[in-house]
Amino acid sequence: MPGDAETTKSTFHLAFTVSNIKNAIPLILNRSDDHYPSWVEFFNIHVCAYNVKDHIDDKTPTPTDVDKDTWDRLDALVKSSIYSTITPDLAHTIMKPGASALDLWKRLQEIFLDNKNTRAVYLEEQFNNTHISAFSNITEYCAASRT
């Protein structure tokens, strides 16, 4: 009978209460900034607080009390959180139909961690093209050098 407690299963999870991921992760990750470590830290804090770390860390055990439909919904939420906190360029780069949140997470790691030499060359070029004469004071220069 519809509406019966046994036929209508509704599983509540704390992660379903997140209404704006940008409150928890105030950075938008992009290729040109060096914010990846900070973005990862914010994201890890968030997924740990909402008990969905298993969606981005294959070493974290999957809870046994979560059914497959709920796990899939949670994975979709984590994927949405990833897409909402990165630039459209990065989203298009990592997007793959049917990919899990862990797949997206690993693709971001590859982009930011596996090409350290290429990234170092890019950052060195960016630094060398930043001239102090373009700034009104040393504080502005230092802030620009970090971005």
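R0 = 25 Å: FRET efficiency of Glu124 with Ile45, Cβ-based, nearest 0.05?
Working: r = 31 Å, r/R0 = 1.23.
Approximately 0.20, to the nearest 0.05.
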*asked:* What FRET efficiency comes out for Ser38 versus Ile138 if R0 is 25 angstrom and r is the Cβ-Cβ distance? Round to the nearest 0.05.
replied: 0.60
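Using R₀ = 35 Å, calculate the FRET efficiency as 1/(1 + (r/R₀)^6) where r is the Cβ-Cβ separation of Thr64 and Leu113; round to 0.05. If you can, show how the numbers build up before the last one.
Working: r = 31 Å, r/R0 = 0.89.
E(calc), rounded to 0.05, equals 0.65.
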*Work out, step by step, the length gained on full extension between Lys106 and Thr93: first 0.36 nm times the residue separation, then minus their alpha carbon distance; give nm to one decimal.*
3.5 nm
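Bear in mind that the values in this text are calculations on the coordinates, not laboratory data. Since the model is a prediction, treat every value here as computed from it, not as a measurement. Every residue, glycine among them, receives a Cβ derived from its backbone with ideal geometry; neighbour counts consider all protein chains shown.
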